[in-house]
Amino acid sequence: MRNLILIGFMGAGKTSVGKYLARNAGMAFVDTDERIVAEQGMEISAIFEKYGEPYFRDLETGLLERMQTDMEDSVVSVGGGMPVREQNRELLRSLGCVIYLQATKATILGRVQNDGTRPMLRGEDLEARVERLMREREALYREAAHLVIHTDGRDIPEVARTVLSEARKFGY
Ligand code: S3P
C-alpha cells in the first residue's frame, strides 16, 4: 500500500507538491483530475458543462474505488472536492496516508485569481465563493486527513520535505 494522498482546497499545491515529492522520493505520481480527463477524453470544465457536477463526483468515486486495488508506492493528488463525500473520505483513508495541505483564504485567492479552468470558481465574486467553499469543507478535510500540513509562505520543496518527514513519523 504505502501511498501518500494529498487533499486540500483548489490552489493548495496538491499537484505541484505531489509531482515534486514523487520525483524526489522515487514514487509514482497520480492526479485524479488528470486520470478523469484522460479516461473521459474531456476537460473537467467540459464534463461539468455537459453532464453536471454530480456526474463528475460519481466519476471521482468510481476512480477512487478502482484505485483501491491497483495503487502502490504512489503519491496521489486528488481534486479539491473529493473528500466532500463521506464514502470518498473512507476510500481515501483506506488508500494510504492522507495529508491535508492547508492554506489560508488569502493564499488560495492569490493562487487561483486568474484561473478560468476551475468550474467551481466560475461566476461572480470569487472571494465569496472561495470563502463559502472553504468554510463548508474545512471540517471534512480534517476528518479525512491523518496529517495536516500548513503551506502558507512555504515553497514547493519545503512543503514536500515536510510531507515526507511527517508521513515517516506517522509510520509510512
Ligand atoms: C474541484 C477541484 C478541482 C477539480 C474540479 C472540482 C473542487 O481540482 O477536481 O474542478 O470541487 O474543489 P483541484 O483541487 O486540483 O483544482
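List of remarks:
- Exactly one residue out of E90, E60 is open to solvent by 30 Å² or more (accessible area, probe 1.4 Å) and not small (G, A, S), and it is E90.
- Number of residues in segment 16-46 that are crowded, with 19+ Cβ neighbours inside 10 Å and over 20 Å from R168 (Cβ atoms) equals 6.
- Meets criteria (charged (D, E, K, R) and within 12 Å of the ligand (Cβ to nearest atom)) for R66: no
- Residue check for D58: part of a helix (DSSP H, G or I) and either near the ligand (Cβ under 10 Å from one of its atoms) or under 24 Å from I156 (Cβ atoms) (or both): no
- If the condition is being charged (D, E, K, R) and either part of a strand (DSSP E or B) or within 14 Å of M71 (Cβ to Cβ) (or both), then segment 1-15 contributes only R2.
- Taking the criterion of being crowded, with 16+ Cβ neighbours inside 10 Å and of a type in the set (D, E, K, R), the only residue of segment 162-172 that qualifies is E166.
- Residues of segment 117-140 that turn out to be within 17 Å of S45 (Cβ to Cβ) and open to solvent by 50 Å² or more (accessible area, probe 1.4 Å), as a count: 5
- Any chance M71 is touching a residue at least 40 places away in the same chain (Cβ under 8 Å) and either in contact with a Cys (Cβ under 9 Å, 6 or more places away or on another chain) or away from the ligand (no atom under 14 Å from the Cβ) (or both): yes
- S74 open to solvent by less than 10 Å² (accessible area, probe 1.4 Å), at pLDDT 95 or above, over 17 Å from E143 (Cβ atoms) and of a type in the set (G, A, S): yes
- A single member of Y100, Y172, Y141 is over 16 Å from the mean Cα position of the chain (by Cα) and among the aromatic types (F, W, Y), and it is Y172.
- Any hit, segment 60-79, residues being within 14 Å of the chain's Cα centre (by Cα), closer than 22 Å to M134 by Cβ and among the small types (G, A, S): yes
- Residue count for segment 141-155 under the criterion of being open to solvent by 70 Å² or more (accessible area, probe 1.4 Å) and part of a helix (DSSP H, G or I): the result is 2.
- Beta carbons closer than 9 Å, at least 6 apart along the sequence or on distinct chains, pair a first residue in segment 146-161 that is at pLDDT 95 or above with a second that is among the aromatic types (F, W, Y) and in a helix (DSSP H, G or I) for V148/Y141; I156/Y20; P157/Y20; V159/Y20; A160/Y20.
- Residues (of a type in the set (G, A, S) and surrounded by fewer than 18 Cβ atoms within 10 Å (Cβ to Cβ)) located in segment 96-116: A106, G110, G116
The values are calculated or read from the model by the stated rules, or taken from the named source; none is laboratory data. Everything quoted here is computed from the prediction, not taken from an experiment. A quick note on method: Cβ atoms are made from the backbone with ideal geometry, for glycine too, and the neighbour counts reach across all protein chains shown. For accessibility, only protein heavy atoms count, side chains too; no ligands or nucleic acids. Shrake-Rupley method; radii C 1.70, N 1.55, O 1.52, S 1.80 Å.
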